[in-house]
Structure formats: C-alpha cells, structure tokens
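Every number in this text was worked out from the coordinates using simple rules, so none of it is lab data. A quick note: this is a predicted structure, and the numbers were derived from the prediction, not measured. All Cβ positions, even for glycine, are placed from backbone atoms using ideal geometry, and neighbour counts span all protein chains on display.
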Amino acid sequence: MPKPHKWVISGIAGFLFVLFLLPSEPVNAYKNPKPALEIGKRYDLDVNFDNFSVENFTGLEETTKVKSVVVKQGDNLAIIFKRNGLSPQQTYRVSKAGKLAKKLLKILPGEVLELHIDQQGQLTSLHYPYSNTDTLVITQNQDNSFSSQVKTLDLDTRLNYTQGDVTNSFWNAGLKANLSNNQIMQVAGIFGWDIDFALGLRAGDSFYVMFEEHYINGEFVENGNIIAAQFVNQGETYTAIRYDDGNFYTPEGRSMRKSFLRAPVNFRYISSSFKKKRFHPVQKRWKAHRGVDYAADRGTPVIAAGDGKVIRAAYNKYNGHHVFIQHGEKYVTKYLHFTKRKVKRGQTVKQGQLIGTVGSTGLASGPHLHYEFLVNGVHRNPRTVNLPKAQPIAKKEKAKFIDIATTRLQQLNNSKRIMLAMN
Ligand SMILES: [Zn+2]
C-alpha cells in the first residue's frame, strides 16, 4: 500500500524543481537558443494537489498584459483609455486617484503611458514616467478604487570634460569635441560678453568645457550644467566658473555678464568666412565706415547689445530701417539696414531683446547688419573697445564662491593634464 503523504511531498519538490528550471526572463531564452523548457508553455505535472493549497501559486495563473501607449496629438486620458478597451468608469476612477493623478491632465504628445491590464480587461495599474527620474504609479486597491504615488529614481551626477581647437567655426569645433548643440550655445552664451563668436574667432583659438552628466542605474540620461569653461581667443584666456546662483563668474569672482554683448547677433546665423577674417578685413572696413558688418541671411534676429532706451527707430534712404539705442549717459549703439524694426522710439529694451531683423534696406549691397558703437559721441570699434567692468559677486557670497572656484580650477587643470596625456 502506497504512502500518500510521502508521494505528495516528493510531488511538491518536483514542482518546485521545475519552477526553478523555468526561464524567468525572456533574455535567458535569447541567450540559450534551445531552452529545455519553452517560455509561456505550461507543463502538466502528474501531481495530486488535493491536499495542497495552490493559493501561493495563483500569481502564475494570471497574465497581466502591459501596454506601452504613446500619447498622440489631441489625446487625453479618456481617449487613450477608450482606444485600449478601458471603460469610462475606469477613466473616472483613475482620475480620482488622489492629487498626484492630476499629472495625467498634462500628458504631452510623445510621452508614454504604461497600462497594466488583467485578463478581464481591467486596469490594474498605470505607470507614467513624466521625467527622467519620476514616475507616477497608479494602482488599483481592493475596493476597485485607485491610489497614486510617485516613484523617484536616484540621479547620479558625474563630471565630464572636453576640449577642442577652433579651425573654422566654433560650431564645428564644438561638435567635434562632442558637445551637444545646446552646450555649444551655452558656451557661446557664457563668453558672449567677451568674445565675438561671429567675427572674432581666429585659428589657434581653443576651448575647454567641464560639465555634469546625469546617470540612472549606470546609464547616461542627459547632460547637466556646464560648471566651468575656458576659452582662449586671440591669445587671451577667459575662464568662467558656475556658482550656485546659476551665473558664471571669473575665478576672481567678477560676473561674466557685462553691460554689452560683443556681437548683437547669434554667431550661428553669420555666414562663415572664418579664413578671410585672419587678414582682418573687418578692421579695415571698420576704419572706412565706422562700423562692423555682420553678413547674415535676411530675417536673422538682431538683439540689443545692452540694456537701454530706443532713441531712434526710423527709415531713411542711407540707413534703411535703423534703430539707435542709448545706454546710460555714455554709450549709444546703432543698428542699420533692417528688413523690419521690432521696437519703437522711446521704448526701453533689455540686453538680448529682439530689436529688428537683418536686411538690405538703404545703402547696402546685400543683407547684413551694420553695427556701430559710440562712447561719448565718438565711434569706437565694438569688438575691441574697453567696456565697463562687470559687477563682482555679492560680498557675502565671495568666500563660498572662491572655495568653489579653487576646486573647479584644480579639477580643470587636472583633467587638462589627463587629456593631454591621452592625446
Ligand atoms: Zn556697414
């Protein structure tokens, strides 16, 4: 006579053993092209479960489908739920899943919602990763209501460095140094008060950038802030250190931000004529007609070089559409040949504000910005004129800033040495 007790025990052991063999992840099957057991296939075991509670194994029976849904233009939660066979009642219950669920009102095209749907076609949970680190998770409760929470991944910040030499344009040099478009514009922004990126670069110029990178679980997700940068322009070295306030300062604690931008146009729009510039034709032309010409496509935005007040915005047959700005007592800037003026006389403007677009109105052979800079009524070369000194960092921030700057400079020099050794 068999002993049922023993038989059941060995049956359970066998079942558990088979469970152990079952590949748990598809990736295992992928690595092993001929698995002993197929995924998704059920293997019947000749086991008597009569005396055995199967409660612990019900999870194996249920297959919850996970649907990744990309939000389309014009979508809202109700539309998405309907498209995926979920009822309006479920939409309603999810929308009532607490304050955090309000984030679902702001879903944007291209974002992804993960819907977990059980065999009965009921939503069991919803995952909405709304940033690189944060995911809204809405889960069903026992009573069919839903509750919401936000799960946040740890962002790991690392430092990275790059450097480059300018051979034709800063844009190309930046790309070659693996800077993103955004980072290239940021660097140009950091040094835009000192360096004319449109016409002032020369062969032999170089740059160096130290920046943060964000990682999650060891995987790169995005660039963080630029925290220090150096630019050597025409033999002069400019160094900028980022402070906690988000602004950049020289290592001595003077703001990089100055009263005037070196160039009132974005360097990206300027026709590349880098090689010619080595012979300083601009300098010659400046002497001839008391201004600097920036050749650029018609419609290129022109910005105010500094804060000020528009003292003239008009048209005549020489200057075409033109704008003059008074900056304090001493300075006036003039901008000629616009296609369109974007400001009116008497208007107050901020540095960087759009004041007109490049054109060829008046006496101009082709579309370009003619830019003049006057100090006490005398024309000066805007690209070489000594400009008012920048504001120093606030006194109470000074000590802290110098600490940071010292560390940054050390990191900068160390990494430079390392990069030099690698080349
Ligand atoms: Zn001109």
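In table form, for the structure just shown:
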read-out	value
Gain upon complete extension [residue 244, residue 423; 0.36 nm per residue less C-alpha separation]	61.1 nm
For the stretch 278-388: relative contact order, % (alpha-carbon pairs under 8 angstrom, 6 or more apart)	32
Computed E for residue 326/residue 215 - FRET, C-beta separation, R0 30 angstrom, nearest 0.05	0.05
Set 102/151; 309/395; 350/396; 258/334; 176/416 screened for pairs whose C-alpha atoms are more than 20 Å apart	309/395; 350/396
Interchain or long-range residues, amide H under 5 Å from residue 204's placed H	166
Stretch gain in nm, segment residue 87-residue 252, where the contour uses 0.36 nm per residue and the Cα spacing is subtracted	53.0 nm
Separation of the residue 73 and residue 394 label points, Cα + 7 Å toward Cβ, nm	4.6
